[in-house]
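No value in this document is a laboratory result; all are computed from the given coordinates. Remember, it's a predicted structure, so these values are computed and weren't measured experimentally. When we count neighbours, we look across all protein chains shown, and the Cβ atoms used for this are built from the backbone with ideal geometry, even at glycine.
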Amino acid sequence: MNSVESVKAVNQVDQTDIAEVMHALATDSRAAAAVLANATTDAKNLACREAATALRRRTDTILAANSEDITAAEARGTPGPMQDRLRLDAVRIEAMAEGLDAIAELSDPVGQVMDEWDRPNGLHIGRVRVPLGVIGIIYESRPNVTADAGALCLKSGNAAILRPGSESIHSSRAIHDCLVEGLRAAELPVAAIQLVPTTDRAAVGCMLTMPDLIDIIVPRGGKGLIERVQNESKIPVIAHLDGICHVYADGAADVTKARDILVNSKMRRTGICGATETLLVDAAIAEKALPQMIDDLVTAGCEVRGDVATQAADARVVAATEDDWNTEYLDAIISVRVVDGLDGALAHIAAHGSNHTDTIVTEDAATAARFLREVDSAIVMHNASTQFADGGEFGMGAEIGISTGRLHARGPVGVEQLTSFKYVVQGTGQTRP
């Protein structure tokens, strides 16, 4: 039994066994990464397409596995929005398959010449994209991450070690089987995309302490998971903490447009990181616009927590606490504050935002330009819903996550963001004086 097969056979193991299994798994990933770095574009695309075909063919199997996860979540009393993130249906499985097909259509970043130039001494220098190597992805309730992350790593020439949480383990295993089917069809190593077999938290600890075998860690999940990873990892981390996203309705906003954007930003899917958590309204239009906006939210089933001015606009508004401005609800709850124009909005976002996604609704081009320039978030928008904060919506096919950091990758992390580069220098016999 090889290490990949032995990993699949393990479910509950003691601490020593977990360390041994994780080391074997990561060693296999390192070997697979060396193959993938030189794999042809055609082979990688075939693996993605065959995995998409397998997802469609195995829809009933995946739904049955997901039903086990949902039943367990209900028994645990998992909140509704978190169950929504976990739940799959035929439409969501088809969306996963379409995402894999879209990744196959993307340009292959590996080997792309980012820039090149000649030196006076005749040397020709090129900066060329290369894979990062082995990427460990640690995630919680969203099983679609299994497909998205696995395929994005594959297309960018990286081996992936996927560690789903216990809440999505059955769904993730069923989806991973489809990815393996794609790898086999393309004659690529099955260790290119591996799924950690145990939900024991010790496996995460092992992943975080193997810098010789794993090159990057990407956590996707709640604040507790991400803080643990950032605190314990000996490996560089691409992560975001919270998605405290804002809609700012400026004094020059088209109120009808602002109302539509607001409801979509908050209520389309409340449990995703791009969902708006705070509405800021310019005092100049508060008297006119705020009652309508509150009514739209309440009618849509959203609890509104607001400052004194917001409470005065509608008796249904609950008094906001200071903690509300710093809370990622991931639920049908929103905090609302009336601010003194753009300066007030900028100050609030700087004090309480999480550098994720913020949007301004305004018809004033100069005000929009200043907002886009001065808000220090990974994604800034003008007259658009924050729910567009998504790699698929950006044309990336899918994303591993949205990074709110400033180094290497920022915003949606797609195939290009999963590469680094090297310098290729070509000479004709030059020696340095």
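Some points to look at:
- Along each principal axis, taking the top coordinate minus the bottom one, the Cα set of the chain gives 69, 67, 38 Å in descending order.
- When its C-alpha radius of gyration is set against 2.2 N^0.38 Å (N residues), region 247-317 gives a value of 1.02.
- Averaging the Cα positions of each part gives two centres, and for region 176-206 and region 81-143 these lie 17 Å apart.
- From phi via Karplus (6.51, -1.76, 1.60), per-residue ³J(HN,Hα) for region 77-83 in Hz, x at Gly/Pro: x, 4, x, x, x, 6, 5
- Beta-bridge orientation, the chain: approximately 30 percent antiparallel, per DSSP, counting only bridges with both partners inside.
- Paramagnetic reach from SER107 (point 7 Å along Cα→Cβ, amide N under 14 Å) across region 399-433: 415-417
- Straight-distance crosslink candidates among aspartates and glutamates, where the alpha carbon sits under 13 Å from LYS266 and sequence neighbours closer than 8 are dropped: GLU277, ASP296, GLU303, GLU328, ASP331, ASP358
- In range of the label at ARG127: residues from region 382-417 whose backbone nitrogen is under 16 Å from the point 7 Å along Cα→Cβ: 407-410, 416-417
- Near the amide H of GLU303, within less than 5 Å, lie the amide hydrogens of ILE333, ILE334, all on another chain or at least 5 residues away, with H placed in the peptide plane.
- Between TRP117 and ALA347, the modelled labels are 4.4 nm apart [label points 7 Å from Cα along Cα→Cβ].
- Check: the chain dipole with +1 on Lys, Arg Cβ and -1 on Asp, Glu Cβ, in debye: 1080
- Separation in nanometres of the label points that stand 7 Å from Cα toward Cβ, at ASP295 and ASP323: 3.3
- Loop chymotrypsin sites (Phe, Trp or Tyr not before Pro), region 352-422, which have at most 16 other Cβ atoms in a 10 Å radius of their Cβ (DSSP): PHE394
- Part-to-part distance (alpha-carbon centres) for region 279-301 and region 234-268, which is given in Å: 15
- In order along region 158-169, the phi-based Karplus estimate (6.51 cos²θ - 1.76 cosθ + 1.60, θ = phi - 60°) of 3J(HN,Hα) comes to 9, 7, 10, 10, 9, 10, x, x, 4, 5, 10, 5 Hz; Gly and Pro are listed as x.
- Hull-based mean projected area of region 245-388, where the convex hull spans the alpha carbons, in square nanometres: 6.9
- Percent of beta bridges antiparallel (DSSP, region 245-388, rounded to nearest 5): 0
- Relative contact order of region 283-433: 14 percent, from C-alpha pairs under 8 Å at least 6 residues apart in sequence.
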